[in-house]
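S.K.: Take this structure first; my questions come after.
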Amino acid sequence: MSDKSQAEKPKVWSDILQSGWKETVESWGWQPLHGGKRGYYIGGKCPYCHDDMSRTIELVETIFEGAKPPPEYVWVQCNCKVAHPPHNAGEGCGQGAEISGPRFRV
Ligand SMILES: [Zn+2]
Ligand SMILES: [Zn+2]
């Protein structure tokens, strides 16, 4: 039995927030959506599992309320496509935090 390095194993799913996770995700900054959509996007390599993750918020305009301002805080969770045991692929690595919302004016 050959035991390869730990680095080849996927990270274990964990919802215990790693220190610095939230701060790193927050530091990526929100980007306005393109293509005529109202909303914001944030994404990068998850600080815990190092897979691609992203979060999009769409601001829906209603006839009665008009355009809503972006939320002050947004729950962002790793949504990578890699399986982190014991969870299946597509369920992320468990990391998630409430970060500051976009500070742009709509
Ligand atoms: Zn991952
Ligand atoms: Zn992750």
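Values quoted throughout were computed directly from the atomic coordinates according to the rules given, and no laboratory measurement underlies them. Remember, it's a predicted structure, so these values are computed and weren't measured experimentally. Because the Cβ atoms are built from the backbone with ideal geometry, glycine has one as well, and the counts that use them run over all protein chains shown.
S.K.: Can you list the residues, at least 5 places off or on another chain, whose amide H is less than 5 Å from the amide H of Leu59, using H built in the peptide plane?
M.R.: Arg38, Gly39, Tyr40
S.K.: To continue, here is another question. So, with +1 on the Cβ of K and R and -1 on the Cβ of D and E, and no other charges, what is the size of the charge dipole of the chain about its Cα centre, to the nearest 20 debye?
M.R.: Numbers: 12 positive and 13 negative charges, 47 e Å.
Dipole of the chain, to the nearest 20 debye: 220 debye.
S.K.: Along the Cα→Cβ direction, 7 angstrom out, place labels at His50 and Leu33. What is the inter-label distance in nm?
M.R.: Calculated label separation equals 3.2 nm.
S.K.: In a shell of Cβ-Cβ distance under 14 Å around Tyr73, excluding Tyr73 itself, what net charge do Lys and Arg (+1) and Asp and Glu (-1) give?
M.R.: Working: positive: Lys22, Arg55, Arg103; negative: Glu26, Glu72, Glu98.
Combined, the nearby Lys, Arg, Asp and Glu give 0.
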